[in-house]
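The values are calculated or read from the model by the stated rules, or taken from the named source; none is laboratory data. Here the structure is a predicted model, which is why all the values come from computation and not from measurement. Note: ideal-geometry Cβ built from the backbone for every residue, glycine included; neighbour counts use all protein chains shown.
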Amino acid sequence: MTHFLRSRVSFASVVVLTGFLAFSGSGLGHHSFSAHYDIDAEVTIEGVVTDFQFINPHVLVFLDVTNAAGEIEKWIAETNSPSLFRRRGGLRADSLKAGDAITVAGHPSRVNANDLHIRLLVFPDGTEFLRNLSSQAQ
């Protein structure tokens with residue numbers, strides 16, 4: 001192989017490898033919904049909000065939930081990205097605050113105990129937020 005051909009092959013290899021490395025992280029970072037959550041199961045919890053994070057990539061609600069033994073369990077409930085709610089409504093950055101008593105129903109995590117993906121959220125005033133299944137981020 002001539003020096004010219006080796007240079008072109010080497011340059012092409014670098015370009016392909018760089019492209020692969022640049023885009024492979026985003027593919028690995030976004031998980032399958034059904035791999036992380038049990039879509040055939042649902043749990044309902046009542047708890048007190050300790051933190052509400054209206055941030056990317058997913059909105060997070062942190063809760064203290066009192067179990068049957070009277071012990072406090074730390075739960076994390078997550079839903080779609082804030083950008084979806086900015087476009088379609090349903091949740092805003094000021095929707096919840098620490099101290100709010102809420103009810104959350106959703107699909108439990110297959111990976112982490114006390115994590116769920118929100119299907120239904122009942123606000124302190126009784127207003128219900130029902131996640132639109134057609135907008136589910138995969």
TODO: Specify which of the listed residues (G89, G126, G106, G99) is more than 19 Å from S32 (Cβ to Cβ) and either of a type in the set (K, R) or touching a strand residue (DSSP E or B) at 6+ places or on another chain (Cβ under 7 Å) (or both).
DONE: G99
- [ ] Report yes if some residue within the stretch 72-93 is surrounded by 13 or more Cβ atoms within 10 Å (Cβ to Cβ), touching a helix residue (DSSP H, G or I) at 6+ places or on another chain (Cβ under 8 Å) and part of a helix (DSSP H, G or I); otherwise report no.
- [x] yes
TODO: For the stretch 40-71, enumerate the residues that are surrounded by 14 or more Cβ atoms within 10 Å (Cβ to Cβ), hydrophobic (A, V, I, L, M, F, W, C) and not in a strand (DSSP E or B).
DONE: F54, V59
TODO: Name the single residue, out of those in the stretch 67-86 being out of contact with any strand residue (DSSP E or B) (no Cβ under 6 Å at 6 or more places or on another chain) and among the polar types (S, T, N, Q), that is farthest from V122 (Cα to Cα).
DONE: S83
Task: Odd one out for G99 among (1) surrounded by fewer than 12 Cβ atoms within 10 Å (Cβ to Cβ); (2) at pLDDT below 90 - done: (2)
Task: D94 vs. criteria touching a residue at least 12 places away in the same chain (Cβ under 8 Å) and acidic (D, E) - done: no
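Yes or no, residue by residue, for (1) charged (D, E, K, R); (2) in contact with a Ser or Thr (Cβ under 9 Å, 6 or more places away or on another chain); (3) on the phi < 0 side of the Ramachandran plot:
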position: E46; (1), (2), (3): yes, yes, yes
position: D51; (1), (2), (3): yes, no, yes
position: A69; (1), (2), (3): no, no, yes
position: W75; (1), (2), (3): no, no, yes
position: P82; (1), (2), (3): no, no, yes
position: R88; (1), (2), (3): yes, yes, yes
position: D94; (1), (2), (3): yes, no, yes
position: V104; (1), (2), (3): no, yes, yes
position: P124; (1), (2), (3): no, no, yes
Open item on the list: Show the residue pairs meeting these rules: Cβ distance below 9 Å; 6+ apart or different chains; first residue within the stretch 35-61 and more than 16 Å from N114 (Cβ to Cβ); second residue small (G, A, S) and surrounded by fewer than 12 Cβ atoms within 10 Å (Cβ to Cβ).
Closed with: F52/A98; N56/S83; P57/G29
